[in-house]
Amino acid sequence: MYAIINDRSRQITVREGDVIQLDLNGEQAPGTELTFDQVLLVSNEGDVTLGTPTVAGASVTAEVLGPATGPKLTVFRFKRRKNVRVKKGHRQKYTRVRVTGISA
């Protein structure tokens, strides 16, 4: 059984027991339960329910595991012959979540 959920304009395919990374949305303590009610599709062993735009009554529950960080990115910008060089780094912050249940 799997579902496709909508989390802040991102569509994510989830199965029960999956660990996914979501964009950080405030500080959430580990062990907190999240409920995603914008479920776009639910598939239960060949029986597919497609929402228009969401499936009525379907939800996905998940447990917060804690914060995580993505890979470090280096952004280097320069203009030749102008002595302009800018080096910046970025590291995206995520929230790790384990999917505990899918209800259709």
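Every read-out reported here was derived from the displayed coordinates using simple, explicitly stated rules and does not represent laboratory data. It should be emphasised that the depicted structure is a prediction, and the values quoted were computed from it without experimental measurement. In this analysis, Cβ positions are derived from the backbone assuming ideal geometry, glycine residues included, and neighbour counts consider all displayed protein chains.
Screening GLY89 against (1) more than 19 Å from the chain's Cα centre (by Cα); (2) within 16 Å of THR13 (Cβ to Cβ); (3) among the small types (Gly, Ala, Ser) leaves a single unmet condition, (2). The residues of segment 19-43 that are under 23 Å from THR69 (Cβ atoms), among the aliphatic types (A, V, I, L, M) and free of Cβ contacts under 8 Å to residues at least 40 places away in the same chain amount to a single one, ALA29.
Quick grid of which residues meet (1) of a type in the set (Val, Ile, Thr); (2) under 14 Å from the mean Cα position of the chain (by Cα):
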site	(1), (2)
THR32	yes, no
ALA58	no, no
ALA68	no, yes
THR74	yes, no
LYS82	no, no
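Each residue in segment 63-86 was checked for being under 30 Å from ASN25 (Cβ atoms), of a type in the set (A, V, I, L, M) and without any contact (Cβ under 8 Å) to a residue 40 or more places away in the chain, and 4 pass. Inspect segment 30-40 for any residue being among the acidic types (Asp, Glu), in contact with a Gly (Cβ under 9 Å, 6 or more places away or on another chain) and not in a loop (DSSP other than H, G, I, E, B) and give the result as yes or no. The answer is no; no qualifying residue exists.
Quick check on my filter: what residues within segment 1-56 are surrounded by 12 or more Cβ atoms within 10 Å (Cβ to Cβ), more than 16 Å from VAL99 (Cα to Cα) and among the β-branched types (Val, Ile, Thr)? Once the filter is applied, which keeps residues that are surrounded by 12 or more Cβ atoms within 10 Å (Cβ to Cβ), more than 16 Å from VAL99 (Cα to Cα) and among the β-branched types (Val, Ile, Thr), segment 1-56 yields THR49, THR54, VAL55. The requirement of being hydroxyl-bearing (Ser, Thr, Tyr) and either part of a loop (DSSP other than H, G, I, E, B) or closer than 11 Å to ALA3 by Cβ (or both) is fulfilled nowhere in segment 69-76; no residue meets it. Scanning segment 86-104 for residues that are surrounded by 10 or more Cβ atoms within 10 Å (Cβ to Cβ) and out of contact with any Leu (no Cβ under 9 Å at 6 or more places or on another chain) yields VAL99, THR100, GLY101, ILE102, SER103, ALA104.
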